[in-house]
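What follows draws every value from the coordinates through simple rules; no lab data is involved. Keep in mind it's a predicted model, so treat the numbers as computed, not measured. Don't worry about glycine lacking a Cβ; one is built from the backbone with ideal geometry, like all the others, and counts go over all protein chains shown.
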Amino acid sequence: MSPHVLILGGTAEARELAAVLAARPGVRVTTSLAGRVTRPGALAGDVRVGGFGGAAGLAGWLREQHVDAFVDATHPFAETITANAAQAAAASGVSAVVLRRPGWQPDPEDRWHLVTSLGAAADALPRFGSRAFLTTGRLGLSAFAHLTEMHFVVRSVEPPEPPVPPHTEVLLARGPFTVADETTLLREYLIDVLVTKDSGGEATAAKLTAARQLGLPVVVVRRPPLPRGVSAVPNVAGVLAWLGFNS
Ligand code: NAP
């Protein structure tokens with residue numbers, strides 16, 4: 001029987017993994033999306049959309065759909081689904097692995113200020129500047145909404161969810177971005193501080209290089225820790241090895 005692999009998706013790595021697995025003869029692959037993005041783009045293999053109804057719902061789905069192994073390839077900041085995945089693996093007995101791209105590492109010339117939440121980023125922000133470039137995603141901007149004296153430039157794929165700070169300009173764009181583009185943006189909007197989550201990956205790293213070259217401070221929100229006891233691999237090759245497939 002063909003093995004059925006479920007991928008919890010929403011990232012570039014999940015898309016890449018689906019393509020690699022779907023191209024392998026005899027493997028059935030299903031990607032699960034939360035349904036937050038209106039046009040998620042084509043994915044290889046089967047796709048299902050929407051929440052499972054918590055860890056118990058996911059465990060039930062794994063059993064009903066005869067899933068043999070599943071990969072949590074969600075975003076490093078998608079904390080709830082990652083906790084649910086770990087619980088569902090334990091409850092169902094289906095093997096699971098987390099595909100988590102490595103976080104960014106600072107260069108000696110970087111002016112990073114590390115914080116553990118968006119709220120802590122908002123607390124720190126006024127110390128560093130008055131015109132902030134926010135690249136923390138379209139959700140969670142309420143953490144900055146009380147900063148009425150600051151000017152924000154927010155970049156997200158889809159329009160941000162209110163409440164947002166009163167002085168906010170929105171730029172709708174999807175990476176990858178180049179260092180030249182990011183440098184132009186930081187200069188054009190007179191940005192004096194950048195705020196980012198430590199999402200990792202190449203597609204959105206150029207802003208960090210641009211900030212370094214311009215000598216700008218960066219408030220970096222650290223990743224939430226992985227649930228205890230879960231196995232994690234850094235890339236698609238690691239998942240293939242974990243599944244016992246040759247890359
Ligand atoms: P979250 O807070 O961890 O999850 C909230 C709920 O959404 C989960 O409890 C689950 O609902 C549902 N869900 C999340 N991911 C799912 C998936 N792949 N398939 C089915 N249901 C899913 O997640 P989030 O931070 O809102 O992120 C939602 C999705 O966007 C994730 O798939 C993530 O990979 C992607 N994403 C997130 C970020 C970010 O910064 N957080 C950035 C880029 C992409 P039930 O409990 O009902 O199962």
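Coupling constants for the range 157-169 follow from the phi torsions by the Karplus curve (6.51 cos²θ - 1.76 cosθ + 1.60, θ = phi - 60°), and in residue order they are 6, 10, x, x, 7, x, x, 10, x, x, 9, 10, 10 Hz; glycine and proline get x.
The amide H of Val219, built 1.01 Å from its N in the peptide plane, has His113, Leu194, Val195, Thr196 as neighbours under 5 Å, considering only residues 5 or more places off or on other chains. Over the chain, dividing the summed -39,500 (n - 2.57) contributions of all DSSP H runs of at least 4 residues by the number of residues returns a 222 nm mean residue ellipticity of -8500 deg cm²/dmol. Within the chain, the proportion of C-alpha pairs whose separation exceeds 22 Å stands at 57%. Taking amide H atoms as placed 1.01 Å from N in the peptide plane, the amide H of Ser32 lies under 5 Å from those of Ile7, Leu8, Gly9, Arg48, each 5 or more residues away in sequence or on another chain. Using only side-chain charges placed at the Cβ, +1 for Lys and Arg and -1 for Asp and Glu, the dipole size of the range 108-156 relative to its Cα centre rounds to 160 debye. Proximity of backbone amide H atoms, modeled 1.01 Å from N, is registered between Ala232 and Val98 at under 5 Å, excluding neighbours fewer than 5 places apart on the same chain.
How long are the semi-axes of the equivalent ellipsoid of the range 111-221, defined as square roots of 5 times the Cα gyration tensor eigenvalues? Whole Å, largest first.
On the way: eigenvalues 71, 47, 37 Å².
Ellipsoid half-lengths, sorted descending, are 19, 15, 14 Å.
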